[in-house]
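The structure appears right after this line, and notes come after that.
The values are calculated or read from the model by the stated rules, or taken from the named source; none is laboratory data. Small disclaimer: the values here were computed from a predicted structure and weren't measured. When we count neighbours, we look across all protein chains shown, and the Cβ atoms used for this are built from the backbone with ideal geometry, even at glycine. For accessibility, only protein heavy atoms count, side chains too; no ligands or nucleic acids. Shrake-Rupley method; radii C 1.70, N 1.55, O 1.52, S 1.80 Å.
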Amino acid sequence: MDYIDTFYSRTLTASGEKPRLEGLHEADCCIIGGGLAGLSTAFHLAEAGKSVILLEENRLGWGASGRNGGFVSPGYAHGRSAIAGMVGQAHADDLHRLSIEGMQLVRRHIALLGISHADPQHGIMSVVRYDTGESLRRDADIMSERFDYPLAFMDTSQVREVLRSQRYFQALRDDQAFHFHPLNYVHGLAGAVEKAGGEIFEQSCAVSYERKGASTLIKTAHGEVRVRDLVIATGGYTGSLSSRMQRAYLPIATYVMLSESNPALIEQAIRTRHAVGDNRRAGDYYRLVDEGKRILWGGRITTRAADTKALTRELRAEMTSTFPQLTDLKVELAWSGMMSYARHRMPQIGSLGDNVWYCTAFGGHGMNTTAIGGKVVAEAILGEPERLRLFAPFGLSWAGGAAGLAVAQATFWKLQMQDKWQEWRSQRGGMRKWS
């Protein structure tokens, strides 16, 4: 299956498909899943001298890895304080340092591997839609003192100078974080895997695997792979290959739209090349693309794929209510994609035993975590499992099936209402100050 129509597939610089797996192949390691988690794992293993075969059911980066917002920053879908409540402060700090390293890995790969078409643009603003400046200052102090990671505090006037909206209050600006073209990065990393000796096959869906003695045999429709180590690095489109993994995550859909080209109109509202995300659960995230001529705007989550046209109307309404200046800006293209979320909202990275490993559930914060997830799995395969063990508390616990999806959707609606209430209170307070 070829790529769906997105801004990224329209501007993909790579040409040509990878071959389909046919016949019997042998290698040290097989990775199932051609997204960023699988490619990261394959790259580090191939670079260490292991023979590697990667299988992708569709095209490389066909799922969430190639159709997301393109934000690369530290952190996880779960907040730092919530993670500390689960595993303790020291453990949570170690995990956060890994998330910073994951961001740095992507940036390093772009530079050292020459993936210029990933087009990294530095800077991400995390904005709030209600007045909470002191909380942001404390967060910036913690990041600086505990992680030696500086964040720039922006007061309301500074924020509204570059984002011409009364909806926004303060922000933290991260000048080390960046945004990029994820699908071009996928193909650049794939090229590095092949250069290091790895083999990549597209249109090669793994239908089963079976442990036989000291090796595992993976079967596709047209071929087989025999290996010592197997890594399952699929995400929101994981099928029945591993029932244990399939039961352990929730498939969550998110939505993105691309505006028409109208730089003069866009500049009336957005006067920064930094990417922007707000503090609400499943809030808006957006950035300028095509040299500042268009807006790529994402948001909303649903527990099943909804009508993209209807969700696009909601996204556009959100954009124009935030920036009334953009009322006449047309939407040219919209798409959706499925992410995998665990109930604990952390990546699932570990071992199923018998040299079978898993690396999945990166929904909500995947660009940095897929990078570090692939690296720590590769380290474990190479005999250094210490950092992999940091993810042990976040295993393959049952996600709840249909009931879990219903709870997830209800929780999202509840949090969305709380966000609206806080925003309304701040706006009311602001009106009193301005009157």
Worksheet, complete the sentence: For MET1 and ASN262, extending 7 Å from Cα along the Cα-Cβ vector and measuring point to point gives, in nm, a value of 3.3
Response to the item:
Over the Cα atoms of the range 69-157 the radius of gyration and the largest Cα-Cα distance (Dmax), both in Å, equal 15.0, 43
Discussion item. Can you compute the equivalent ellipsoid semi-axes for the range 164-283, i.e. the square root of 5 times each eigenvalue of the Cα gyration tensor, sorted largest first and rounded to whole Å?
Written reply: 42, 19, 14
Item to complete: Using the heavy atoms of the protein chains and a 1.4 angstrom probe, tell me the accessible area per residue for the chain in square angstrom.
Response: 42
Worksheet entry | Rg/Rg_globular for the range 175-221, with Rg_globular taken as 2.2 N^0.38 Å and Rg from C-alpha atoms | 1.71
Worksheet item: Looking at the square roots a ≥ b ≥ c of the eigenvalues of the Cα gyration tensor of the range 1-103, which shape do they give, rounded for a/c under 1.5, prolate if a/b is larger than b/c, or oblate?
Response: oblate
Discussion item. For the chain, what does the relative contact order come out to in percent, with C-alpha contacts under 8 Å and a separation of six or more?
Written reply: 23
Worksheet item: Cα gyration tensor of the range 1-59, axes a ≥ b ≥ c as square roots of the eigenvalues: rounded (a/c below 1.5), prolate (a/b > b/c) or oblate?
Response: prolate
Practice prompt. Past 22 Å, Cα to Cα, is the threshold; run LYS18/LYS195; LYS195/LYS219; LYS212/LYS375; LYS219/LYS375 against it and keep the listed order.
Written response: LYS195/LYS219; LYS212/LYS375; LYS219/LYS375
Item to complete: Report the semi-axes of the equivalent ellipsoid for the range 272-372 in whole Å, largest first, where each axis is √(5λ) for an eigenvalue λ of the Cα gyration tensor.
Response: 32, 16, 12
Worksheet entry | Cα shape, the range 114-193, gyration tensor, a/c 1.5 rule | oblate
Discussion item. Of the candidates GLY61, GLY383, GLY49, which one comes out as most mobile in a Gaussian network treatment of the chain with C-alpha springs shorter than 10 Å?
Written reply: GLY383
Item to complete: Sort largest first and round to whole Å: the equivalent ellipsoid semi-axes of the chain, each the square root of five times a Cα gyration tensor eigenvalue.
Response: 37, 23, 20
Item to complete: On the protein heavy atoms, probe 1.4 angstrom, tell me the percent of accessible surface of the chain carried by carbon and sulfur.
Response: 49
Practice prompt. Run down the aspartates and glutamates and flag those whose C-alpha is under 20 Å from the C-alpha of LYS309, throwing out any fewer than 8 positions away in its chain.
Written response: ASP5, GLU260, ASP284, GLU318, ASP328, GLU332
